Amino acid sequence: MSDPILAIQEAREQARELGDPYVDVCFLATASAAGQPEVRAISLRDIDIAKGFALLISELSPKWQQLTTGSCSLHMLWTTVRRQYRVYGRFEPMEPERLQHYWDRKVHASRLLEHYYETFHPQSHPIASYDTLLEGIDALRQRYPHAETVPLAAALRGVYLYPTAIDVWHGSPADRLHDRHLYTRSETGWSSQSLVP
Ligand SMILES: Cc1cc2nc3c(=O)[nH]c(=O)nc-3n(C[C@H](O)[C@H](O)[C@H](O)COP(=O)(O)O)c2cc1C
């Protein structure tokens, strides 16, 4: 049985070559404490064959609270290669050096925003206006005038979604008879089951 994560990685590279605008984006679904579904776009940092789907999330955000206390799933849609993926699994912490690697790739303002969450208001907290945000960012910019001077934000978490099940939809636009498989991971590896599309 071929590894579905490897196949996703290959499809992503193919989609990138075809100019797919969403190769670096996925959608994370969680549920609030009241059971309300919550879905949001998240940058897909990497796909690691052994570890899974790499994401960066502030531990001060509502989604962090939701994914550490309940179940979640990840969704990807790359139309250039006619693939949809629904990924289920558990979160595993990222190695500190890997988190540092992604931090080093962040632009200055993005680093300052992570510090804004810790210094002023957490992500998704209501504020008076956009200017309120900019004032806080300006204050942080005076403290850390260059990207290299911004220390790694303590509340930023790197995580892998380690998949235990993946629903792969491979579109067949000509006849609409799409090819769909549910891959399930056990201790001995992956098994696959065809699904009605
Ligand atoms: C293309 C795109 C990429 C995004 N990437 C991230 C991300 O990597 N991490 C993140 O916390 N929010 C990201 N966001 C913002 C989220 O969609 C969302 O607005 C935010 O995480 C809200 O947090 P909450 O769901 O915890 O309330 C991204 C939004 C877009 C449109």
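Is there a quick way to get the dipole size of the chain? I mean about its Cα centre, with the Cβ of Lys and Arg at +1 and of Asp and Glu at -1; what is the value in debye to the nearest 20?
300
Counting only residues 5 or more places away or on other chains, whose amide H sits under 5 Å from the amide H of R157 once H atoms are built in the peptide plane?
Here the answer is I57, S58, E59, since their amide H atoms fall under 5 Å of that of R157.
In whole Hz and in residue order, list the ³J(HN,Hα) couplings for segment 100-106 that follow from phi through the Karplus curve 6.51 cos²θ - 1.76 cosθ + 1.60, θ = phi - 60°; x for Gly and Pro.
Calculated HN-Hα couplings, in order: 4, 4, 6, 4, 5, 8, 6 Hz.
Given an 8 Å cut-off on Cα distances and at least 6 residues of separation, report the relative contact order of the chain as a percent.
23
Residue-wise, which Karplus ³J(HN,Hα) couplings in Hz belong to segment 74-90, taking 6.51 cos²θ - 1.76 cosθ + 1.60, θ = phi - 60°, and x for glycine or proline?
Residue by residue, segment 74-90 yields 10, 10, 9, 9, 10, 5, 4, 10, 6, 10, 10, 10, 10, 10, 10, x, 10 Hz.
Can you tell me the orientation of helix 130-143 relative to the chain, as the angle in degrees between its alpha-carbon axis and the longest Cα principal axis, to the nearest 10?
For 130-143 against the chain, the angle is about 70 degrees.
Between D175, D48, D167, which gets the highest mean-square fluctuation from a Gaussian network model of the chain, Cα cutoff 10 Å?
Checking each option, the largest mean-square fluctuation is seen for D175.
Find the centroid of the Cα atoms in segment 1-57 and in segment 60-102, then give the distance between the two in whole Å.
Taking the Cα centre of each part, segment 1-57 and segment 60-102 sit 7 Å apart.
If we count chymotrypsin sites (Phe, Trp or Tyr not before Pro) as exposed when they sit in a DSSP loop and have at most 16 other beta carbons within 10 Å, what is the longest stretch of the chain that avoids them all?
Between the exposed loop sites, the longest stretch runs 23-119.
What residues qualify as long-range amide H neighbours of S32, i.e. H under 5 Å apart, gap of 5 or more or another chain, H built at 1.01 Å from N?
Counting only residues 5 or more places away or on other chains, the set is E38.
With a point put 7 Å past each Cα toward its Cβ, work out how far H75 is from Q9 in nm, to one decimal.
2.6
Grab the beta carbon distance between Q100 and I49, set R0 = 22 Å, and tell me the FRET efficiency rounded to 0.05.
The computed FRET efficiency comes out at 0.55.
Using the alpha-carbon atoms, what tilt in degrees (0 to 90, nearest 10) does helix 108-119 show relative to the longest principal axis of the chain?
It works out to around 70 degrees.
Laboratory data are not the source of any read-out in this text; all were calculated from the coordinates shown. Being a predicted model, the structure only gives us computed values, none of them experimental. Here Cβ is always computed from backbone atoms with ideal geometry, including for glycine, and neighbour counts include all displayed protein chains.
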